[in-house]
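See below for the structure under consideration.
Quick note: the coordinates plus some simple rules give every number you see, no bench work behind them. No experiment lies behind these values; they were computed from the predicted model shown. Every residue, glycine as well, gets a Cβ built from its backbone with ideal geometry; the counts of neighbours run over all protein chains shown.
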Amino acid sequence: MTFKGIAILGSTGSIGCNTLRVIESLGGNRFRVVALAAGLNVEKLADQIAVHLPEVVSVETEPAAHELRARLFERNVDLPRIVIGEAGLVEVATHPQANCVVSATVGAVGFVPTLRALEFRAQCSASVSARGETERSAAHRADGLGWSVSHEEQS
C-alpha cells in the first residue's frame, strides 16, 4: 500500500494538532507527514518532529530555527531540513511528496503558500482562520483557475 504524503502549514495550532491526531489515529501506513510549518512554538514543533519525522520543517525566524535545532539535538532526533519565513512556508506547501496540504495558518500569512500549493497541485485543504483571509483569497483564486475549493465559516 502506498502512503499519502501530507504537509501542514500551522502544525502547532489547534487545527494542525488535530490534523496530526487524525493521521495518528488512522495509522502510519496510510499517511506520512512529509512537511510541517509552525511560527515560533518550537517546543510543540519539536514534539511533532520526533513523532512524525518530516523531511522539511519551517519556522518563522532564524532564532527559532536555532532553538529548534538545539531541542532536536537534546532529544537525539535526526534533523529535518529547516527553512525560514514565507519562503519556508512555500517550500512546505509545495513539497513534492505532499499529496495534500492542510493550510491552518492564522490570518493572511498563509495566503501565498496556500496559493502556491493550489498552483502546484489540485488537492489542498484550506482551513478557516479567525477572519478567513487566506481561505477566501485562495478560494477566489482557485475558482478563477477552474478548481473547486470548499470551506466552512467558523462562528
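What net charge do the residues around GLY85 carry, taking every other residue with its C-beta under 15 Å from that of GLY85, with Lys and Arg at +1 and Asp and Glu at -1? Walk me through the numbers on the way to the answer.
Numbers: positive: ARG81, ARG116; negative: GLU60, GLU62, GLU86, GLU91.
With Lys, Arg at +1 and Asp, Glu at -1, the neighbours total -2.
Residues GLU24, GLU67 in ascending order of nearby Cβ atoms (within 10 Å, fewest first): GLU24, GLU67.
Is the shape of region 39-98 best called rounded, prolate or oblate, per the rule: a/c under 1.5 gives rounded, else a/b larger than b/c gives prolate, else oblate, with a ≥ b ≥ c the square roots of the Cα gyration tensor eigenvalues?
On the way: a/c = 2.08, a/b = 1.27, b/c = 1.64.
Judged from the Cα gyration tensor, region 39-98 comes out oblate (a/c at least 1.5, b/c at or above a/b).
The stretch between PHE120 and ILE84, if pulled fully straight at 0.36 nm per residue, gains 11.0 nm over its current Cα-Cα span. Amide hydrogen proximity for ILE8: with H placed 1.01 Å from N in the peptide plane, the residues at 5 or more positions away or on another chain lying under 5 Å are ALA35, LEU36, ALA37, VAL102.
Extending 7 Å from the Cα toward the beta-carbon at both VAL77 and ASN29 defines two label points whose distance is 2.6 nm. Residues VAL112, VAL22, VAL42, VAL90, arranged from fewest to most other Cβ atoms within 10 angstrom of their Cβ, appear as VAL22, VAL112, VAL90, VAL42.
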